[in-house]
Amino acid sequence: MASSDFDGILLGMGNPLLDVSAVVDQEFLDKYDITLNNAILAEDKHLPMYDEMSEKFTVEYIAGGATQNSIKVAQWMLQIPGATSYMGSIGKDKYGEAMKKDATAAGVNVHYHEDESAGTGTCGVCVVGGERSLIANLSAANCYKVEHLKKPENWALVEKAKFYYIAGFFLTVSPESIQLVREHAAANNKVFTMNLSAPFICEFFKDVQVKCLPYMDYVFGNETEARTFSRVHGWETDDVEQIAIKISQLPKATGTYKRTTVITQGADPVVVAEDGKVKKYPVIPLPKEKLVDTNGAGDAFVGGFLSQLVHGKAIEECVRAGCYASNVVIQRSGCTYPEKPDFN
């Protein structure tokens, strides 16, 4: 394919958040009732946490949000300017400006809704021993409306794309927008992909998630999310391979593509289910001392995976690219990467 064929080929929609990232201590986790390897929405009790992090610890500010991370990584892997687009809502403030600058520099074609009333969303990333916990204060990200998507210049991005990726977190913000995109994908034989994203999404946003499932050609998630999904659906199994198969066999809105389930398990093999069968792919081993933080590992995996999927590569190549990207990211702070990928 010529590079012009890749123009806007992959579109992401989600909650753009500025990561406020710091290595903290157990005392801080306890104080704010934070569990490692989890992702939650901030409650009132968490709000003082962001300032306290910057007072007590060395904080880095990195443009993030699950979908935006994945899209940036896919863009980095593709190395074709403008191959990816992204929509979400930011505030009219310095954080929003920083976000725009960062994403544009990464080569992503961003069309943000800029909200007048709320500040740009932030995500507290608390790192202890390389493991991360995410506490998202959505703020402006929560203000995305389907009207923004319907504007001709934004809907044009939907029409141009052939692949779509939306993290489950966006289900809490604009299910109407997701519905428009998934129905467009189904009607036009395009590939629609989503992520389970967090146990609380599977649990408390089960109904909107279930409405999306028939449209999902690829479902991503990690082992914790998969097990929560299984429990919520009354499947009575903790076996990740069985759960992956069951998710892949749920009813499909169109017969164009079969559904593929891709579940990551940290340092354990990636589980891929399709056609009622499971294949496992080992990840790239990393010595403990090289692990900086796991924030963005799952997002980077998806970004790497999608970078090969849009090329029409076989599933093992997609997984290999996902493993490569996440291996790069976990050796750095936040979802960041060197200037050029070293993937061949």
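Per residue, the average separation of C-alpha pairs within less than 8 Å and at least 6 apart gives the stretch 50-124 a relative contact order of 33 percent.
Solvent-accessible area per residue for the chain at a 1.4 Å probe radius, Å²? Please report the intermediate quantities before stating the final value.
Working: 14310 Å² over 344 residues.
Counting only protein heavy atoms, the per-residue value for the chain is 42 Å².
The charge dipole of the chain, taken about its Cα centre with unit charges on the Cβ atoms of Lys, Arg (+1), Asp and Glu (-1) only, comes to about 1080 debye.
Straight-line reach from LYS288: which aspartates and glutamates have a Cα under 20 Å away, not including same-chain ones fewer than 8 places off? Leaving aside aspartates and glutamates fewer than 8 places away in the same chain, those within reach of LYS288 are ASP25, GLU131, ASP268.
Each residue of the stretch 120-136 was assigned a 3J(HN,Hα) from its phi angle through the Karplus expression (A = 6.51, B = -1.76, C = 1.60, θ = phi - 60°), giving 4, x, 10, 10, x, 10, 9, 10, 9, x, x, 7, 10, 10, 10, 10, 9 Hz with x at Gly and Pro.
Cross-link partners for LYS160 among the aspartates and glutamates, with Cα-Cα distance under 12 Å and sequence neighbours closer than 8 places in the same chain left out: ASP5, ASP7. The amide H of ASN222, built 1.01 Å from its N in the peptide plane, has SER197, THR264 as neighbours under 5 Å, considering only residues 5 or more places off or on other chains. Within the listed set THR256, THR294, THR193, the Gaussian network model of the chain (springs between alpha-carbon atoms below 10 Å) gives the highest mean-square fluctuation for THR256.
Put simply, the amide H of ALA63, placed in the peptide plane, has neighbours under 5 Å in ASP19, leaving out anything fewer than 5 places away on its chain. Expressed to the nearest 5 percent, the antiparallel share of DSSP beta bridges inside the chain is 35 percent. Measuring with a 1.4 angstrom probe and ignoring ligands and nucleic acids, LEU78 comes out at about 20 Å² accessible. The simple spin-label model puts a point 7 Å past each Cα toward its Cβ; for THR256 and ASP44 those points are separated by 4.7 nm.
Between ASP239, ASP115, ASP299, the GNM of the chain built on Cα springs shorter than 10 angstrom shows ASP239 fluctuating the most. Figure note: TYR95, TYR112 ranked by solvent-accessible area, largest first, 1.4 Å probe, ligands and nucleic acids not counted: TYR95, TYR112.
Across the stretch 311-327, coupling constants 3J(HN,Hα) worked out from phi with the 6.51/-1.76/1.60 Karplus curve, θ = phi - 60°, read 7, x, 6, 5, 4, 5, 5, 4, 5, 4, 5, x, 5, 4, 4, 5, 5 Hz, and Gly and Pro carry x.
Note down the relative contact order for the chain as a percent, whole number, built from C-alpha pairs under 8 angstrom at least six residues apart. Working shown, then result.
Numbers: 742 pairs, mean separation 60.7, N = 344.
Normalised by residue count, the contact order of the chain is 18 percent.
LEU180 exposes around 60 Å² of accessible area when a 1.4 Å probe is run over every protein chain in place. Computed in the context of the full set of protein chains, the accessible area of the stretch 208-344 at 1.4 Å probe radius has 50% of its extent on carbon or sulfur. Each of GLN68, CYS126, GLY96 was scored by the projection of its Cα onto the charge dipole of the chain, and the greatest displacement toward the positive side belongs to GLN68; charges sit on the C-beta of Lys, Arg, Asp and Glu.
Bridging of LYS45 to lysines at a Cα separation below 20 Å is possible for LYS31, LYS56, once same-chain residues fewer than 8 apart are set aside.
The values are calculated or read from the model by the stated rules, or taken from the named source; none is laboratory data. Note that this is a predicted model, so its numbers are computed, not measured. All Cβ positions, glycine included, derive from the backbone under ideal geometry; neighbour counts span all protein chains shown. Note: accessible area is taken over every heavy atom of the protein model, side chains too, but ligands, DNA and RNA are not part of it. Shrake-Rupley method; radii C 1.70, N 1.55, O 1.52, S 1.80 Å.
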